[in-house]
Amino acid sequence: MARRLGVDPKTVQRWIDGRLPYPRHRRSIAEMLSVEEALIWPNLAPRNSAPEPPPVAVLGTYPHRWAVPRAVWLRHFESARREIDILAYASLFLAEDSGIIRALVKRAHAGVSVRLLLGDPDGAHIRERGNDERVGDSLSAKIRNALVLYEPLREAPNFEIRLHDTVLYNSIYRADDDVLVNHHAYGVAASDAPVLHARHTTDGDMASTYLASLTHVWDSATAI
């Protein structure tokens, strides 16, 4: 079903667990199973009702990444019960925080899938980003430093790490259905750029866009 609908298998699992699919997916599922939608979802409004737009679940905004309190980052990762994803160039500010590293290790040992996506320090886009931020080769050095500091996670179960050579428009920090999105701006260091806290509640909502981007980068990245 995931292949035929072009969605992640985890999305289908969430539907099975009770989450209501987006209308276009409900129609496709009903056709696939040769039944009426009301048989699968009895509580649905009549099919001729105009579908409501997906809700915009924004939980908070911050003018700069450095303005996000440490407690918010820690609570964000500690709240995860299924999956944690970190997509960034270096995320050195997290790697240098031993408390957050311990929290990630603890979550991994608790059965949470922890995936780390960092920039390839030898990648062409990493050099370009370093030049854009006027920091030269220091971005590559930050990535190498972060890889060393993330080393405790390498011994934990349920942990994967990959390197990407991608032009990132956002750094994305996921904990289950919550995402902290650090927007990037040309010539501006990521620490000075804004952060958006969004929650994924239904297919096609704001958080879905960021999570789809994260999945795309993960699929094209190189495992180490």
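The values are calculated or read from the model by the stated rules, or taken from the named source; none is laboratory data. Note that the coordinates shown come from a computational prediction; the quantities given were computed from them, not determined experimentally. Cβ coordinates were reconstructed from backbone atoms using ideal geometry, including for glycine residues, and neighbour counts include every protein chain displayed. Just so you know, the surface numbers come from the protein's heavy atoms only, side chains and all, with ligands and any DNA or RNA stripped out. Shrake-Rupley method; radii C 1.70, N 1.55, O 1.52, S 1.80 Å.
Any residue that is touching a Phe, Trp or Tyr at 6+ places or on another chain (Cβ under 6 Å), more than 23 Å from residue 18 (Cβ to Cβ), open to solvent by less than 50 Å² (accessible area, probe 1.4 Å) and modelled with pLDDT under 95 - is there at least one of those in the range 112-124? Yes: the range 112-124 contains one or more residues that are touching a Phe, Trp or Tyr at 6+ places or on another chain (Cβ under 6 Å), more than 23 Å from residue 18 (Cβ to Cβ), open to solvent by less than 50 Å² (accessible area, probe 1.4 Å) and modelled with pLDDT under 95.
Across the range 40-75, the qualifying residues are those that are at pLDDT 85 or above and open to solvent by 90 Å² or more (accessible area, probe 1.4 Å), and the one among them that is farthest from residue 99 (Cα to Cα) is 61.
This table checks each residue for (1) touching a Cys at 6+ places or on another chain (Cβ under 9 Å); (2) charged (D, E, K, R); (3) open to solvent by less than 70 Å² (accessible area, probe 1.4 Å); (4) in contact (Cβ under 8 Å) with a residue 24 or more places away in the chain.
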residue: 142; (1), (2), (3), (4): no, yes, no, yes
residue: 156; (1), (2), (3), (4): no, no, yes, yes
residue: 159; (1), (2), (3), (4): no, no, yes, yes
residue: 168; (1), (2), (3), (4): no, no, yes, yes
residue: 172; (1), (2), (3), (4): no, no, yes, yes
residue: 175; (1), (2), (3), (4): no, no, yes, yes
residue: 178; (1), (2), (3), (4): no, yes, yes, yes
residue: 185; (1), (2), (3), (4): no, no, yes, no
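For the range 177-205, the set of residues classified as over 21 Å from residue 92 (Cβ atoms) and at pLDDT below 90 consists of 201, 202, 203, 204, 205, listed by residue number. Of all the criteria given as (1) part of a loop (DSSP other than H, G, I, E, B); (2) open to solvent by less than 60 Å² (accessible area, probe 1.4 Å); (3) farther than 27 Å from residue 166 by Cα; (4) at pLDDT 90 or above, the one not satisfied by residue 28 is (1). On inspection, residue 144 passes the criterion of being at pLDDT below 95, of a type outside the set (Asp, Glu) and more than 20 Å from the chain's Cα centre (by Cα). The requirement of being part of a helix (DSSP H, G or I), within 30 Å of residue 140 (Cα to Cα), at pLDDT 90 or above and of a type in the set (A, V, I, L, M, F, W, C) is fulfilled somewhere in the range 81-93, by at least one residue.
Using the structure shown, decide if residue 192 is open to solvent by 40 Å² or more (accessible area, probe 1.4 Å), out of contact with any strand residue (DSSP E or B) (no Cβ under 6 Å at 6 or more places or on another chain), on the phi < 0 side of the Ramachandran plot and free of Cβ contacts under 8 Å to residues at least 24 places away in the same chain. It is false that residue 192 is open to solvent by 40 Å² or more (accessible area, probe 1.4 Å), out of contact with any strand residue (DSSP E or B) (no Cβ under 6 Å at 6 or more places or on another chain), on the phi < 0 side of the Ramachandran plot and free of Cβ contacts under 8 Å to residues at least 24 places away in the same chain.
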